[in-house]
Amino acid sequence: MKVMILCAIMAGLFFSCDEGAVNAVPKDSANDQYPAPKNIAASVSGSNIELTWEAAEKATGYAVLYGSSAAYEFTAETEGTRLVIPGLDVNKTWYFAVRAKYGSAQSDLNSIAIKGGVMISGGDEKGGEQPEGDDDNPGPFNFEEFAAQKAAWEAQDVKSYQFTIELIHDAGSRVYILSTVYPDKEPEVSAESEDPGADYLSQSFRTIDSVYDFVYNSVAPKSINDKYKFVLQYNNQHHYPQYYLWTTPGADGGWFGFEITSFTLMDGE
């Protein structure tokens, strides 16, 4: 797979989606003897989300982890390959992961995420992740729209705010960063886990302005090259880039992106 710009810089910082989950399998025990479930799928009916997956040979049962982040606040168990989870707000983003149990042993997690009832990343037949539901032909980077949206953000003169940004990578790795921004002091930035690259991420995603700069500096040099495709969506109220995906099409391509999953205005300090 081609290595995209930034991926090499960020490689040391990404962590697996099962970080924070209980009873994680030690890396040296996650092998072909205990395969993870494949082909996880989700369907929505009202406030119910139904998960299905392919049976893992010799598995004695399955653990399903889910929540509003990849920290997975909830766990359920089943002996079958289907589980219905009731009472969820399907308009929100939900993260699901399934692992197979083999008596006292267990597999790694395979995970998916859905937003608004639509899968935005999901386990393929190899157990990895790939984006779903994005525009196959988003067109070239629109410099005029970018400038207009940035001007609309700056015109609001927002001084104090807090946001969470989720970074995603084609290997299935995720990093969650929380930034609290004040007008007269440095932003407070924290990551879900401490990694060697955390300082780099803090610089690139510490404020909405730095997010804009990251997008522009990433996309502008590549926008005339048909080897890359970009999806960029803006927040309707405040006009910051809320969702961004950069893909290298083709069988050996990859992708990197982010989603700002929360944004809160604060009283000035």
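The values are calculated or read from the model by the stated rules, or taken from the named source; none is laboratory data. Values in this document were obtained by computation on a predicted structure and should not be read as measured data. Note that each Cβ is placed from the backbone with ideal geometry, even for glycine, and that neighbours are counted across all protein chains shown. Each accessible area value is taken on the protein alone, full model and side chains, heavy atoms only, with ligands, DNA and RNA left out. Shrake-Rupley method; radii C 1.70, N 1.55, O 1.52, S 1.80 Å.
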What are the residue pairs meeting all of these: first residue in segment 75-90, first residue among the aliphatic types (A, V, I, L, M), second residue not in a strand (DSSP E or B), Cβ atoms under 6 Å, and 6 or more apart or on different chains? 88/47; 90/117
Hey, which of the strands (runs of 3 or more DSSP E) in segment 131-209, taking only ones fully inside, have at least 1 residues that are acidic (Asp, Glu) and modelled with pLDDT under 90? 161-169
Can residue 102 be described as surrounded by 13 or more Cβ atoms within 10 Å (Cβ to Cβ) and modelled with pLDDT of 90 or more? yes
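Restricting attention to segment 60-95, and to residues there that are small (Gly, Ala, Ser) and closer than 19 Å to residue 47 by Cβ, which single residue is nearest to the chain's Cα centre (by Cα)? Before you say what the answer is, go through the steps one by one.
Here is the first cut: in segment 60-95, the ones small (Gly, Ala, Ser) are 61, 63, 67-71, 76, 80, 87.
From the residues that got through so far, the ones that are closer than 19 Å to residue 47 by Cβ too are 67-68, 76, 87.
Details: 67: 13, 68: 11, 76: 22, 87: 23 Å.
Checked segment 60-95; the qualifying residue nearest to the chain's Cα centre (by Cα) is 68.
To keep it simple, each residue is scored yes or no on (1) open to solvent by 30 Å² or more (accessible area, probe 1.4 Å); (2) at pLDDT 75 or above.
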position	(1), (2)
221	yes, yes
228	yes, yes
232	yes, yes
237	yes, yes
244	no, yes
247	yes, yes
250	yes, no
255	no, yes
258	no, yes
Here are some conditions: (1) open to solvent by 20 Å² or more (accessible area, probe 1.4 Å); (2) part of a loop (DSSP other than H, G, I, E, B); (3) at pLDDT 65 or above; (4) not basic (Lys, Arg). Residue 56 meets all but one. Which one does it not meet? (1)
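Considering only segment 89-118, state which residues are of a type in the set (D, E, K, R) and part of a strand (DSSP E or B). Reasoning before the result, please.
Within segment 89-118, the first condition is being of a type in the set (D, E, K, R), and the residues that meet it are 89, 92, 99, 101, 108, 115.
Within segment 89-118, 99, 101, 115 meet the criteria.
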Matching residues, segment 76-88, being open to solvent by 70 Å² or more (accessible area, probe 1.4 Å) and part of a loop (DSSP other than H, G, I, E, B): 79, 86
Residues of segment 55-74 being of a type outside the set (Val, Ile, Thr) and without any contact (Cβ under 8 Å) to a residue 40 or more places away in the chain, in sequence order, are 55, 57, 62, 66, 67, 68, 73, 74
Can you name the residue in segment 29-47 that is exposed (fewer than 11 other Cβ atoms within 10 Å of the Cβ) and on the phi < 0 side of the Ramachandran plot and, of all such residues, is modelled with the lowest pLDDT? 32
